[in-house]
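Each remark here refers to the structure printed beneath this line.
All of the numbers you see were taken from the coordinates with simple rules; none came from a lab. Remember, predicted model here, so these are calculated numbers, not experimental data. When we count neighbours, we look across all protein chains shown, and the Cβ atoms used for this are built from the backbone with ideal geometry, even at glycine.
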Amino acid sequence: MQQMRRLRGVFVFLGDGPGVSFVFLFVLNLMVTFFFPTKFLILAWDQPRAVGSIIFTPALARVSRAKVFSKDYVVEEVEKPQEKVAEPHKFDFRAFMVAKAQAVNLALDKAVPLQYPMKLREAMRYSLLAGGKRVRPVLCLAACELLGGDEETAMPAACAMEMLHTMSLIHDDLPCMDNDDLRRGKPTNHKVYGENTAVLTGDSLLSFAFEHIARETKGVPADRVVRMIADLGKAVGSEGLVAGQIVDIASEGDSSVGIETLEYIHVHKTAVLLEASVVVGAILGGANEDEIDSLGQYARCVGLLFQVVDDILDVTKSSAELGKTAGKDLLTDKATYPKLLGLERSKVFAQNLLAKAKQQLSIFDQIKAAPLLGLADYIANRQN
């Protein structure tokens, strides 16, 4: 008579007859595959001298050639303490962001010390060190480290990204632009130092960003540094940020503005600097052209995602929650994704951009890419 015992995930069939049929084991194999979603070893023997085995996995039941072991050996192996299975890699994105932001803040503080003329330096530091998420410098650092580079090498470029971003905010907040009074939960630069000083402060940060990269980047071939400077110049000039800004200004109150123009504005006004941050980090890390292209596409999706989420938050959050004036786009009749697509379709579009961004990282080691994957999720789910 056939008997069955289960020993730690192993089914053992003991038979007192001449043998256990192959067909019986095969059918049983399929049954256990269906009911038990783990890997088992089915053993059968009809004499103490030998054991025949069938091994299968839940994904694909497969019958192997029977291996023969002694009964005592099988029992000994079954009774051994089970080895601990290593847990999957868990990336602490919050800890990563905090650590990188702190490193960037220290580097920025050191890069722009107080000196004569004091008012200009105070104004530069006021906006540059006012807090913020430091997304652009962190993107630069993460891209460099993904390709095998290190934080020290990429930090001057990361600081330059934040200088350029801060310049764009100071100028964007001016009365002749978006005329905003609040930025990062504090009065905007021109509200504290006056419009003339705010303009000069932005100009100073713009030029100093390039100076800082050229002077402080160490141990990197000159051709890479030149390429970084060229890419950044394009990103903030008439083919990048400035182009997006002027089309944005011209589109205010224009009811004919469609989704293509809106995408042009945000790709150039917002996404371009995020893309430059990632591409510069990749260049510093020694990326090849295919890797630079994939990371650039990732960053462009993330950059557009950033603006779509920004538009959604503008109509769903308060000024206190955002740290800047909420609902301003609606008051100035600017084209936004919720205005053109509706709120729900804008949310779907954001999720599609998130998926596309992550797809671009599939060619990289996923453990090393965890910071960039986490940043994409962070941008998609941010609340301010």
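Ellipsoid fit via the Cα gyration tensor, the range 219-284: semi-axes of 30, 10, 6 Å, each the root of five times an eigenvalue, largest first. The modelled label-to-label distance between L129 and A95, using points 7 Å beyond Cα along the C-beta direction, is 2.9 nm.
Relative protection proxy for 150-160, 360-370, from highest mean packing down: 150-160, 360-370 (other beta-carbon atoms within 10 angstrom). Among 122-134, 100-112, sorting by the average number of other beta carbon atoms lying within 10 angstrom of each residue, highest first, gives 122-134, 100-112.
Positive end of the dipole of the range 184-291 (Cβ unit charges, origin at the Cα centre): among T261, V278, T217, the Cα lying farthest that way belongs to T217.
Remark: the D150-D223 segment gains 24.4 nm on full extension, using 0.36 nm per residue and subtracting the alpha carbon distance. Checking the Cα-Cα distances for K100/K133; K100/K368; K133/K186; K186/K234 against a 22 Å cut-off, the pairs over it are K186/K234. Whole Å is fine, so just give me how far the alpha carbon centre of the range 329-368 lies from that of the range 95-122. The two parts, judged by their Cα centres, are 31 Å apart.
Mean projected area of the Cα convex hull of the range 139-215, taken over all directions, amounts to 5.8 nm².
Quote the charge dipole size of the range 134-269 about the Cα centre in Debye, to the nearest 20; the model charges only the Cβ of Lys and Arg (+1) and of Asp and Glu (-1). Provide the component values of the computation, followed by the final result.
Working: 12 positive and 22 negative charges, 80 e Å.
Around 380 debye, computed over the range 134-269.
In order along the range 141-158, the phi-based Karplus estimate (6.51 cos²θ - 1.76 cosθ + 1.60, θ = phi - 60°) of 3J(HN,Hα) comes to 5, 5, 5, 4, 5, 4, 8, x, x, 10, 4, 4, 5, 8, 4, x, 5, 4 Hz; Gly and Pro are listed as x.
Suppose each label sits 7 Å from its Cα in the direction of the beta carbon; what would the I367-E239 distance come out to in nanometres? For the pair I367/E239, the computed spacing is 4.0 nm. Here the translational diffusion coefficient of the range 183-237 follows from Stokes-Einstein with Rh set to the Kirkwood radius across Cα pairs; for 4 °C and 1.567 mPa s it amounts to 98 µm²/s.
Site pair R121 and I249 shows an inter-label distance of 3.2 nm when each label is modelled 7 Å from Cα along Cα→Cβ.
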